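Working notes, beginning with the structure itself.
Where a number appears in this text, it was derived from the coordinates with a stated rule and is not lab data. The model shown is predicted, which means the values in this text are computed figures rather than measured ones. Heads up, the Cβs are rebuilt from the backbone with ideal geometry, glycines too, and the neighbour counts pull from every protein chain shown.
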Amino acid sequence: MTTKQKHDSPILVTGAAGAVGGIGRSLTQLLLTKGHKVRALVRREDKRAEALRQLGAEVVNGDLTDLASMHRAIEGCRRIYFGMSVSAAYLEATINTAAVARHHGVEAFVNMSQMTVSQMSISETTDSPQHKLHWLAEQALSWSGLPVVTVRPTVFLEGFFLTLAAAGVRASDELALPMGGGKTSPISAVDVARAVAAILDDPTPHIGQVYDLTGPESADLEHYARAYSEALGRPIRYRDVPLPAWSEGLRKARFPEHVVSHLSAITELNRQGRYDRMTNTLRKLTGEAPMNMGDFVKLHAAEFK
Ligand SMILES: NC(=O)c1ccc[n+]([C@@H]2O[C@H](COP(=O)([O-])OP(=O)(O)OC[C@H]3O[C@@H](n4cnc5c(N)ncnc54)[C@H](OP(=O)(O)O)[C@@H]3O)[C@@H](O)[C@H]2O)c1
């Protein structure tokens, strides 16, 4: 038996306003298109909340670490997507949401995690505070008895290859990142949202599964610089910048220390070849190939000019 039939309960989508990857925002759109009702949780009333309402979502305001907010958000929902921006409060938010989900009883809890967690264990960790929180959150969810589906994507194209790269590409035709010579297989957060939508559309066969998601190829930054050059029609070089100066730049740009430590740790792992991984799980879940670097750069060309 599957759970494919649409029903009256809305699906709760957390982190729906969207900051870096905006999975919640894309997911809201995809689920509405599939004919589901969506309850979109946002932190505050703003243009992004209004845009979700215009799409047809029921919008609720609340904080994932707040008990009353999560009762309001979860009551009446049978399926939940849990994801929020990288932050020091991640574990508290996960457990707060899981505790309330257990109280109300749900049939699917899709948890956003990270692919590096698949290389962690009770004796193996990384220097990223966010990786540690994801590992602990996954542990707690596995003890919870909730019907969990775990999604572990590798790095998003929207982070290192857009938010953190656009200024260098615009100003000096450089992909200036401290990634060394390691290979990486970035994935678009829109593709990740497609995978989550497929799971939430019919969760029963996925309960208890862990899905590692990557983009369509694993390559070094020289290769990706060539993809930028072709997509933008001008030469873009890769420059391997020193990590301390790069991290300091993030601090000056007012990134929280938790995020600076996380991003810095990722670049170190990338240098060590730890992001050189490939799966075809996205195609298995969605029936479609993930977006490649060239198409991603073309899609965001205006931000690189
Ligand atoms: N970026 C990557 O390369 C990458 C790779 C693999 C996995 N991931 C995982 O993907 C997830 C992030 O997904 P994303 O990029 O789609 O998120 P996002 O767009 O950066 O953030 C989603 C939303 O979370 C909201 N939020 C933050 N703290 C909250 C709180 N306490 N209560 C309620 N809402 C809160 C933010 O609201 P405001 O906008 O109002 O602040 C934001 O709009 C994380 O689990 C991350 O570890 C990321």
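Structure notes:
- Among residues that are surrounded by fewer than 18 Cβ atoms within 10 Å (Cβ to Cβ), within 30 Å of Gly287 (Cα to Cα) and away from the ligand (no atom under 12 Å from the Cβ), His223 is included.
- When restricted to residues that are among the aliphatic types (A, V, I, L, M) and within 14 Å of the ligand (Cβ to nearest atom), the range 120-130 contains 1.
- Residues satisfying the stated conditions in the range 256-294, i.e. surrounded by fewer than 17 Cβ atoms within 10 Å (Cβ to Cβ) and free of Cβ contacts under 8 Å to residues at least 24 places away in the same chain: Glu257, Asn280, Arg283, Lys284, Gly287
- For the range 172-184, residues that are touching a Lys or Arg at 6+ places or on another chain (Cβ under 6 Å) and either within 13 Å of the ligand (Cβ to nearest atom) or closer than 16 Å to Leu263 by Cα (or both) total 3.
- Within the range 105-160, considering residues that are free of Cβ contacts under 8 Å to residues at least 12 places away in the same chain and small (Gly, Ala, Ser), the one surrounded by the most Cβ atoms within 10 Å (Cβ to Cβ): Ser142
- Here Ser188 passes the criteria (1) closer than 20 Å to Asp276 by Cα; (2) surrounded by fewer than 20 Cβ atoms within 10 Å (Cβ to Cβ); (3) more than 9 Å from the ligand (Cβ to nearest atom) except the one numbered (2).
- Selection status of Thr163, in contact (Cβ under 8 Å) with a residue 60 or more places away in the chain, buried (at least 22 other Cβ atoms within 10 Å of the Cβ), within 19 Å of Ile23 (Cα to Cα) and of a type in the set (Ser, Thr, Tyr): no
- Within the option set Val149, Val155, Val117, Val169, being more than 13 Å from the ligand (Cβ to nearest atom), among the aliphatic types (A, V, I, L, M) and within 30 Å of Val100 (Cα to Cα) holds for one residue only, Val149.
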